[in-house]
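Please read the structure below before turning to the comments.
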């Protein structure tokens, strides 16, 4: 049976493929695998490359909306004080709201300062400006909630300027504040679930309580709501409650879930439920499922399980049996799932680039997936140069002992392969061939011909040197 053409356990593969096609590939720009078409982590970026400036509440100010560093700290503080006085005393906003808006809307404050930048007394001048030039209070309000101008520009009400004119918005905003959700995290909720701020009195509070009724602590609810605002829309999300139930039945407590949720991330609980169902279909017991998820939270939370499910699909396409995949996950190494998948992908391309036979590639990927997932290989050209050999011999070395790949990872010193004797045999064959054509041994013409023979075999040489006359005249 050709493992690269026929797949085992089609029922499980069908489920994995469904997840892969519907939930993952549509949003990705991917390359097509030469063999066993599947997608695995393509150019992931998990960390910022530039440290962002932060406002007083810790929110990031990206490079498109950073404040003017030329404005002095004293001038900025005076402007914040004037804005606080205006919002609280003139506009009658609650002091906590006014203070948060004035301290955590640096971009808006900078815009205000441009109106009085030539004045000596910034605070007094700005107070006078605000007296005669009412501001759109929704701008500093949304910014203080953690939104950038590019985020909230489309969210600004068309016919309102003053926050107190939108009682429903402020009431639901205060429900979140009083529940313990940080003010600079509420912006994400507003952006992703705006309708929540249109709920009538008491509705939002009852929804938050319904999460606690599932057995979640208040601190867990805060993390869930901050990361997945859409769960507040409609009734309790069915998939969310089913994931909780499956994890609880596997021995995983809700406190564990809280520890591994990050408010800055978004989670798709439908994807997580599908992954847990796949593990069940692969024959994992509740105890095994609880053990592997507890030890490797990334299996569930990285990409909401999509990375793990597509990794399963990739292995199935190369002929791995369900039991082999189950065994891999039950003994999954201490490495991030995306990194494991990334390494596996690069190893696959390494084998393709050295022109290994597809049957051998399939066998190695199937039998040594745990090894390949741990190997961050050097580039092929670098390995060949350090080994001082060609692709053909590297293929043979890997086929004889795939464990050799771990000696060629990034950061390692790759030693040349020992002489196999092939070079000497090749040299003797070339010399014999040239002598048969009439070359004089050790002559300058023979040495020149041997140099031109380098990196060629005898059959290649016959093609290169078409006739005896061509050789003798070279």
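Below is a table of values for the structure above.
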| item | result |
| --- | --- |
| Matching residues, the stretch 288-307, being over 21 Å from the mean Cα position of the chain (by Cα) and farther than 17 Å from residue 257 by Cα | 288 |
| Output for the stretch 230-243, where each listed residue is in a helix (DSSP H, G or I) and either touching a strand residue (DSSP E or B) at 6+ places or on another chain (Cβ under 6 Å) or surrounded by fewer than 19 Cβ atoms within 10 Å (Cβ to Cβ) (or both) | 230, 238, 239, 241, 242 |
| Test: residue in the stretch 192-201 that is surrounded by 16 or more Cβ atoms within 10 Å (Cβ to Cβ), in contact with a helix residue (DSSP H, G or I) (Cβ under 6 Å, 6 or more places away or on another chain), modelled with pLDDT under 95 and in a helix (DSSP H, G or I) | no |
| Given (1) over 16 Å from the mean Cα position of the chain (by Cα); (2) touching a residue at least 40 places away in the same chain (Cβ under 8 Å); (3) over 24 Å from residue 217 (Cα atoms), index of the condition residue 311 fails | (1) |
| Members of the stretch 256-285 found to be over 25 Å from the mean Cα position of the chain (by Cα) and surrounded by fewer than 16 Cβ atoms within 10 Å (Cβ to Cβ), listed by number | 280, 281, 283, 285 |
| Residue within the stretch 389-407 that is under 32 Å from the mean Cα position of the chain (by Cα), touching a residue at least 40 places away in the same chain (Cβ under 8 Å) and closer than 25 Å to residue 338 by Cα present | yes |
| Qualifying residue in the stretch 176-184 (condition: over 30 Å from residue 267 (Cβ atoms), in the same structural domain as residue 231 (by TED's automatic domain parsing) and part of a loop (DSSP other than H, G, I, E, B)) | no |
| Test: residue in the stretch 216-229 that is touching a helix residue (DSSP H, G or I) at 6+ places or on another chain (Cβ under 6 Å), within 18 Å of residue 271 (Cα to Cα), touching a residue at least 12 places away in the same chain (Cβ under 8 Å) and assigned to a helix (DSSP H, G or I) | yes |
| So residue 138, is it in the same structural domain as residue 169 (by TED's automatic domain parsing), surrounded by fewer than 20 Cβ atoms within 10 Å (Cβ to Cβ) and modelled with pLDDT of 95 or more | yes |
| Hey, residue 348 touching a residue at least 12 places away in the same chain (Cβ under 8 Å) and surrounded by fewer than 18 Cβ atoms within 10 Å (Cβ to Cβ) or not | no |
| Test for residue 130: is it at pLDDT 85 or above, closer than 20 Å to residue 184 by Cβ and out of contact with any strand residue (DSSP E or B) (no Cβ under 9 Å at 6 or more places or on another chain) | no |
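The values are calculated or read from the model by the stated rules, or taken from the named source; none is laboratory data. Note that this is a predicted model, so its numbers are computed, not measured. Positions of Cβ are backbone-derived with ideal geometry, glycine not excepted, and every protein chain shown enters the neighbour counts.
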